[in-house]
Amino acid sequence: MGHRLTQYAHGGGCACKIPPGALEDVVRGLVGRQPTDPAGELLVGLDDGDDAAAVRISDGLALIATTDFFTPVVDDAYDWGRIAAANALSDVYAMGGRPVVAVNLLGWPRDVLPFELAAEALRGGADICADAGCHLAGGHSVDDPEPKYGLAVTGIGYPDRLLRNDSARPGMALSLTKPLGIGVLNSRHKATGERFPEAIEVMTTLNAPAARAALDAGITAATDVTGFGLLGHLYKMARASGVTAVVDAAAVSYVEGARAALAAGHVSGGTRRNLDWVRPHTDLSAVAEDEALLLADAQTSGGLLLAGEIPGAPVIGEFVPRGEHVVVVR
């Protein structure tokens, strides 16, 4: 019988993220520090929790840098590699950039799992990078008690056309390019071994077309929906932009089987921490607790959350002037 990779990790995918409130406390002291004689101007840094860092190299060129890695979210090593790579590349797309080169990040319990599985994960990552038109060259590996895989990615973009967390304005529509529910399905997969092909398809779909459509539409504000859930990432965007985000819960779409997984109790600790974090700043009075959990569900390689409209992406709400709450669910 083959190895079930999810059984070799305490959590899975972006649900393994450090809780958002604790993470903000950790990095708060890093904001505002300036290097000596930098090679370019820092356009986007730690201030508002954007998806990647951006540095102006010249008037028409910004360098975008990001990294992402996590423990297995599915049992199949090749699929895990594909998901991890698509998730890492997504941070560049969420900034409106194009990935140029990536390097592998691999942690492997070499005395526990065969290296053939590591090779399969790396092959999955290489295939996704090839699809993205991104070079994959080298990387770094360590002996680790838990398997971990991801990428450090460097991309390029236009300094005056970056998609940011802080530029949503009242009157803008709120759109989401992928369905939610990945987290509860991944939790069910870890618990039962059931495979959910639609969830894998969603997680391995690149956000490149959505990013191009956003730029073509003149959109300036975006983020991707990953470990902090829709509510967590939307809260960060609305807070940074000084607006209130209003979500129409009935307009949000979910991967098939997500509600059944929730009803069966497959909710990660990360999802519950997400909801606890946003609850003081969010009006959830119009929805039941189960619906709130789905809206806070910790996603892996989720879609882009856009302040604006693009073809094919459901509009799930709007931004309005800042009110009593940062996020309102109706």
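The values are calculated or read from the model by the stated rules, or taken from the named source; none is laboratory data. Keep in mind that what you see is a predicted model, and the values were worked out from it rather than measured. Here Cβ is always computed from backbone atoms with ideal geometry, including for glycine, and neighbour counts include all displayed protein chains.
Before moving on, here are some points about what is shown:
- Filter pass, Thr271 being buried (at least 23 other Cβ atoms within 10 Å of the Cβ), out of contact with any strand residue (DSSP E or B) (no Cβ under 6 Å at 6 or more places or on another chain) and either of a type in the set (Val, Ile, Thr) or outside the structural domain of Asp51 (by TED's automatic domain parsing) (or both): yes
- Contacts under 8 angstrom Cβ, first residue in the stretch 209-220 being within 18 Å of Gly302 (Cβ to Cβ), partner among the β-branched types (Val, Ile, Thr) and not in a helix (DSSP H, G or I), 6 or more apart: Ala210/Thr177; Ala210/Ile310; Ala213/Ile310; Ala214/Ile310; Ile219/Ile310
- For the stretch 117-195, the strands (runs of 3 or more DSSP E) that sit wholly inside it and include 1 or more residues that are in contact (Cβ under 8 Å) with a residue 60 or more places away in the chain are 148-157, 173-176.
- In the stretch 241-330, counting only strands (runs of 3 or more DSSP E) that sit wholly within it, the ones holding 1 or more residues that are closer than 30 Å to Tyr149 by Cα and modelled with pLDDT of 95 or more span 304-307.
- Conditions (1) in a loop (DSSP other than H, G, I, E, B); (2) modelled with pLDDT of 65 or more; (3) not aromatic (Phe, Trp, Tyr): number failed by Ile57: (1)
- A single entry from Ala260, Ala313, Ala240, Ala307 fulfils the requirement of being assigned by TED's automatic domain parsing to the domain that holds Leu180 and over 25 Å from Val44 (Cβ atoms): Ala260.
- Scanning the stretch 103-147 for residues that are basic (Lys, Arg) and in contact with a Gly (Cβ under 7 Å, 6 or more places away or on another chain) turns up just one, Arg123.
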